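Quick notes on the structure that follows.
The values are calculated or read from the model by the stated rules, or taken from the named source; none is laboratory data. All values reported here derive from a predicted model rather than from experimental measurement. Positions of Cβ are backbone-derived with ideal geometry, glycine not excepted, and every protein chain shown enters the neighbour counts.
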Amino acid sequence: MLTLQMIRIMNKIWVQEGLDMRMVIFRCFSTGRGRGMVEMIPNAETLRKIQVEHGVTGSFKDRPLADWLQKHNPEEDEYEKAVENFIYSCAGCCVATYVLGICDRHNDNIMLKTTGHMFHIDFGRFLGHAQMFGNIKRDRAPFVFTSDMAYVINGGDKPSSRFHDFVDLCCQAYNLIRKHTHLFLNLLGLMLSCGIPELSDLEDLKYVYDALRPQDSDADATTYFTRLIESSLGSVATKLNFFIHNLAQMKFTGSDARPTKTPSRRPTYVVKVQRESPGEVAFVQRTFEEFQELHNKLRLLFPSSLLP
């Protein structure tokens, strides 16, 4: 909730300055320790599921994201709009995740909408508290920006003017947030006594201070963030992290992660059916479309009841 609130404030600052970063900020509400509700974002998929359509090594390839967006936006003007949404939202995600030190960034924690909007989920680790493999940080790059993202922005594997626009957009967004360094430090400072393990002392606040570099001029900060983009793009560790996560998910689900011949995978749900008479229990398999048909008929039969 705290991380999403900080990102929401960043977005308000950008919008007030006339910069719409096309951010997707879902709602999240805590109802108790380890319990709560999270808003579902429709028409979105994790980067892992998009990448493994090109095989288990899809995270090392440059085309998966562009091909997926092309598939969902077949018309030229639709695709151009999706790419524009991708450029803005990707830039916003790069700045927000860097400033807040959001870690545990793998391809199941980053999602993409069919409209091109990219967004992050799962903020269990932030302010630079990365997961470790022994003495090695799992998150090695400043933020997640990979060659398949650059491929979407460039419209191919060669640099284009749109990539320079993307870098300028990142730096502009970064400098706007830097002007409000004290706001973010004060808001996070109010949460020091709330029992969040990653936000418990002044060293955690210093992480945000160091990330925002308030002592730098805008020109110096622009140069600094441009180098961060280059560093992230050149990081092999991010793609390797994605690949390891692909393998782990294969082992967990028993999937061979090979692309299917069908246009899309339709999930089937196992439903437990318990009858009042003669009290027998059965398990049936139903598709999402069948669930929806049942839901529509129940609403017709029981118009006064508020079905979930």
- Within segment 199-222, the residues that are within 26 Å of the chain's Cα centre (by Cα) and either farther than 14 Å from PHE184 by Cβ or without any contact (Cβ under 8 Å) to a residue 12 or more places away in the chain (or both) are SER200, LYS206, ASP210, ALA221, THR222
- free of Cβ contacts under 8 Å to residues at least 12 places away in the same chain, of a type in the set (Gly, Ala, Ser), out of contact with any helix residue (DSSP H, G or I) (no Cβ under 8 Å at 6 or more places or on another chain) and assigned by TED's automatic domain parsing to the domain that holds TYR224: does that describe GLY55? no
- Query: Could you say which residue among THR46, THR57 is touching an Asp or Glu at 6+ places or on another chain (Cβ under 8 Å) and surrounded by 13 or more Cβ atoms within 10 Å (Cβ to Cβ)?
  - Reply: THR46
- Query: Right, ASN11: out of contact with any helix residue (DSSP H, G or I) (no Cβ under 7 Å at 6 or more places or on another chain), over 22 Å from PRO267 (Cα atoms), crowded, with 18+ Cβ neighbours inside 10 Å and not charged (D, E, K, R) or not?
  - Reply: yes
- Of (1) under 20 Å from ASP20 (Cβ atoms); (2) of a type in the set (Asp, Glu); (3) not in a helix (DSSP H, G or I), ASP108 fails just (1)
- Item | Among residues of segment 188-218, those that are among the aliphatic types (A, V, I, L, M) and closer than 17 Å to VAL95 by Cβ, counted | 4
- What is the one condition in (1) under 13 Å from the mean Cα position of the chain (by Cα); (2) aliphatic (A, V, I, L, M); (3) crowded, with 18+ Cβ neighbours inside 10 Å that ILE121 does not satisfy? (3)
- Item | Residues of segment 285-308 satisfying the condition of being loosely packed, with under 11 Cβ neighbours inside 10 Å and farther than 20 Å from PRO42 by Cβ | GLN285, LYS297, LEU300, LEU301, PHE302, PRO303, SER304, SER305, LEU306
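Per-residue answers, yes or no, for (1) surrounded by 17 or more Cβ atoms within 10 Å (Cβ to Cβ); (2) in a helix (DSSP H, G or I):
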{"site": "TYR151", "(1), (2)": "yes, yes"}
{"site": "CYS170", "(1), (2)": "yes, yes"}
{"site": "HIS182", "(1), (2)": "no, yes"}
{"site": "GLY195", "(1), (2)": "no, no"}
{"site": "LEU199", "(1), (2)": "yes, no"}
- Query: Has segment 216-232 got any residue that is part of a loop (DSSP other than H, G, I, E, B), over 30 Å from LYS49 (Cα atoms) and modelled with pLDDT of 85 or more?
  - Reply: yes
- What are the pairs, 6+ residues apart or on separate chains, where a residue within segment 16-41 that is assigned by TED's automatic domain parsing to the domain that holds GLY124 and within 23 Å of ALA96 (Cα to Cα) has its Cβ under 9 Å from a residue that is at pLDDT below 95 and of a type in the set (Gly, Ala, Ser)? CYS28/GLY36; PHE29/GLY36; SER30/GLY36; MET37/SER30
